[in-house]
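The values are calculated or read from the model by the stated rules, or taken from the named source; none is laboratory data. None of these values were measured; they are calculated from a predicted model. All Cβ positions, even for glycine, are placed from backbone atoms using ideal geometry, and neighbour counts span all protein chains on display.
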Amino acid sequence: MIDPAQVRRGLVVDTDVVSYVFRGDTRAASFNPILDNQTLVVSFMTVAELDRWALSRDWGPTRIAALERYLRRFVLQPFDRDLCRRWAEVMDGARRQGRPIQTADAWIAATALLLGVPLVTHNPSDYGGVTGLTIFSG
């Protein structure tokens, strides 16, 4: 697990933003000022989503290697027992508020909450039922 004290001025970056920057999507431009000079963290779930994305699009070894190189700019937050508990709290809390959250989004939100840093996403409404989460959007 990452020590939250080490993630000074850090951000958890949602899968959508990671993919926009990687692909050079025009939507990435609005996020670049937010991401500059920050410690950028991704959840293990984001890496899994990107791996699935590469498989579903039949990427070859060159493109997959480019993704691997790109992901090195991020600190990877693996799962651990504390993150599992936080995920359960996110899922249950969102359900109780009548705003259920998708499983993958809950892992990403739980990562930001566990580390005590904001989440950067293009889809803030996906996290509307998560109490205590600070969201930055481009």
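For every residue, the table says whether it meets (1) in contact with a helix residue (DSSP H, G or I) (Cβ under 9 Å, 6 or more places away or on another chain); (2) in a helix (DSSP H, G or I); (3) of a type outside the set (D, E, K, R).
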{"position": "Ala48", "(1), (2), (3)": "yes, yes, yes"}
{"position": "Trp59", "(1), (2), (3)": "yes, no, yes"}
{"position": "Thr62", "(1), (2), (3)": "no, yes, yes"}
{"position": "Ala65", "(1), (2), (3)": "no, yes, yes"}
{"position": "Leu76", "(1), (2), (3)": "yes, no, yes"}
{"position": "Arg86", "(1), (2), (3)": "yes, yes, no"}
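Residue pairs whose Cβ atoms lie under 6 Å apart, sitting 6 or more positions apart in sequence or on different chains, and linking a residue in region 125-138 that is part of a strand (DSSP E or B) to a partner that is of a type outside the set (Phe, Trp, Tyr) and surrounded by 13 or more Cβ atoms within 10 Å (Cβ to Cβ), are Ile135/Leu119; Ile135/Pro124; Phe136/Ile34; Phe136/Pro118; Phe136/Val120. Looking across region 87-125 at every residue that is among the charged types (D, E, K, R) and surrounded by fewer than 21 Cβ atoms within 10 Å (Cβ to Cβ), the one that is nearest to Ser30 (Cα to Cα) is identified as Arg99. Assessment of region 65-72 against the conditions (surrounded by 21 or more Cβ atoms within 10 Å (Cβ to Cβ), of a type outside the set (Phe, Trp, Tyr), over 23 Å from Phe31 (Cα atoms) and at pLDDT 95 or above) yields no matching residue. Checked against the criteria, Val117 counts as in a loop (DSSP other than H, G, I, E, B) and closer than 14 Å to Asp14 by Cα. Inside region 15-43, residues that are part of a loop (DSSP other than H, G, I, E, B), out of contact with any helix residue (DSSP H, G or I) (no Cβ under 8 Å at 6 or more places or on another chain) and either of a type in the set (Asp, Glu) or touching a residue at least 60 places away in the same chain (Cβ under 8 Å) (or both) make up a count of 1.
Scan region 99-120 for residues that are over 12 Å from Val42 (Cα atoms) and among the polar types (S, T, N, Q) and jot them down. Once the filter is applied, which keeps residues that are over 12 Å from Val42 (Cα atoms) and among the polar types (S, T, N, Q), region 99-120 yields Gln102, Thr103.
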